[in-house]
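*Asks:* There's a structure below that I have some questions on.
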Amino acid sequence: KNQVEQSPQSLIILEGKNCTLQCNYTVSPFSNLRWYKQDTGRGPVSLTIMTFSENTKSNGRYTATLDADTKQSSLHITASQLSDSASYICVVSARTGFQKLVFGTGTRLLVSP
Amino acid sequence: DTEVTQTPKHLVMGMTNKKSLKCEQHMGHRAMYWYKQKAKKPPELMFVYSYEKLSINESVPSRFSPECPNSSLLNLHLHALQPEDSALYLCASSQAYASDSYEQYFGPGTRLTVT
């Protein structure tokens, strides 16, 4: 069964600190992996999208890594800001020829002053 | 412009009401999607329109009726909803449905409360 699991479920960090969120998936065959940021009550906003051949991708203070062999991804946030408080959702697209996304349950991050 | 807009932002309706949610994009995308998201859960796909034709209906109850009047607009008509239908309704679009690599752009959502 195609699944995406994220850890931790929730996380509290102090402003200015770094953190890493984890994503494990069983989606096969694999096409790409996406990280979205979702503020409470708002739509998800794309941070990165990585294909099989990409190991690392950055978007400002966000850096995503992908290990397609172990089917793991991580999202590293550097020098966290209060505005980083949100849910971070890992989404995997299967190579089906169609837009069929498998969503993780997300990690809720709270950055505390 | 990578914006998907949704109206209204909030909607409160009774179980006997009829209302509609509206979604619009001007990116020239030919695929549009409706998702339902309950609190602390990931989005669940409801419908997919590809080239203005309904391609996917994920066994959604008939009290939800989608409509795609043109390539830029997507509506979701609501009738006789139940309190458990209260959720955040998200619209998304992508360049096409028949590709697993295109990015999906999400709107800000409509927060629906059924009383």
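The values are calculated or read from the model by the stated rules, or taken from the named source; none is laboratory data. Remember, it's a predicted structure, so these values are computed and weren't measured experimentally. Note that each Cβ is placed from the backbone with ideal geometry, even for glycine, and that neighbours are counted across all protein chains shown. Calculation scope for accessible area: heavy atoms of the full protein, side chains included, ligands and nucleic acids excluded. Shrake-Rupley method; radii C 1.70, N 1.55, O 1.52, S 1.80 Å.
*Asks:* With all protein chains present, calculate the accessible area of B:His77 using a 1.4 Å probe and round the result to the nearest 10 Å².
*Replies:* The value for B:His77 is about 60 Å².
*Asks:* Find the sum over both chains of the accessible area lost when A and B are paired, probe 1.4 Å, and report it in Å² to the nearest 100.
*Replies:* Approximately 1900 Å² gets buried when A meets B.
*Asks:* Just which residues of the range B:88-115 lose 40 Å² or more accessible area with every protein chain there, against their chain alone, with the probe set to 1.4 Å?
*Replies:* The answer is B:Tyr97, B:Asp100, B:Glu103, B:Gln104, B:Phe106, B:Pro108.
*Asks:* Counting only other residues whose beta carbon sits under 15 Å from that of A:Gln3, what net charge do I get with K and R as +1, D and E as -1?
*Replies:* +2
*Asks:* Rounded to a whole number, what % of the accessible area of chain A do carbon and sulfur atoms account for, probe 1.4 Å?
*Replies:* Carbon and sulfur together cover 51 percent of it.
*Asks:* Round to a whole number: what % of the accessible area of chain B belongs to carbon and sulfur, probe 1.4 Å?
*Replies:* 48 percent
*Asks:* Still on this model: May I ask you to compute the full-extension gain from B:Ala98 to B:Val12, defined as 0.36 nm times their residue separation minus their alpha-carbon distance, rounded to one decimal in nm?
*Replies:* Extra length from B:Ala98 to B:Val12 when fully extended: 27.4 nm.
*Asks:* Going by accessible area, probe 1.4 Å, with all protein chains left in place, what is the ranking of B:Leu73, A:Leu66, largest first?
*Replies:* B:Leu73, A:Leu66
*Asks:* Counting only protein chains, not ligands or nucleic acids, how are B:Thr110, A:Thr63, A:Thr96 ordered by accessible area (probe 1.4 Å), most first?
*Replies:* Accessible-area ranking of B:Thr110, A:Thr63, A:Thr96, largest first: A:Thr96, A:Thr63, B:Thr110.
*Asks:* Follow-up. Take the Cβ-Cβ distance between A:Ile12 and A:Ser46 as r, set R0 to 22 Å, and report the resulting FRET efficiency rounded to the nearest 0.05. Don't skip to the end; give the middle numbers.
*Replies:* Working: r = 25 Å, r/R0 = 1.12.
After rounding to 0.05, the efficiency reads 0.35.
*Asks:* Right, another one. To check you understand DSSP bridge types, tell me what percent of the beta bridges within chain A (both residues inside) are antiparallel, rounded to 5. Write down the numbers at each step before the final one.
*Replies:* Details: 40 of 45 bridges.
Of those bridges, close to 90 percent are antiparallel.
*Asks:* So how much accessible area does A:Ser83 have, in Å² to the nearest 10, using a 1.4 Å probe?
*Replies:* Answer for A:Ser83: close to 70 Å² accessible.
*Asks:* Still on this structure, please answer the following. Rounded to the nearest whole Å², what accessible area per residue is found for chain A with the 1.4 Å probe?
*Replies:* On a per-residue basis, chain A sits at 48 Å².
*Asks:* Most fluctuating residue of B:Ala98, B:Ala80, B:Ala31 in a GNM of chain B with Cα springs under 10 Å: which is it?
*Replies:* Of B:Ala98, B:Ala80, B:Ala31, the Gaussian network model singles out B:Ala98 as fluctuating most.
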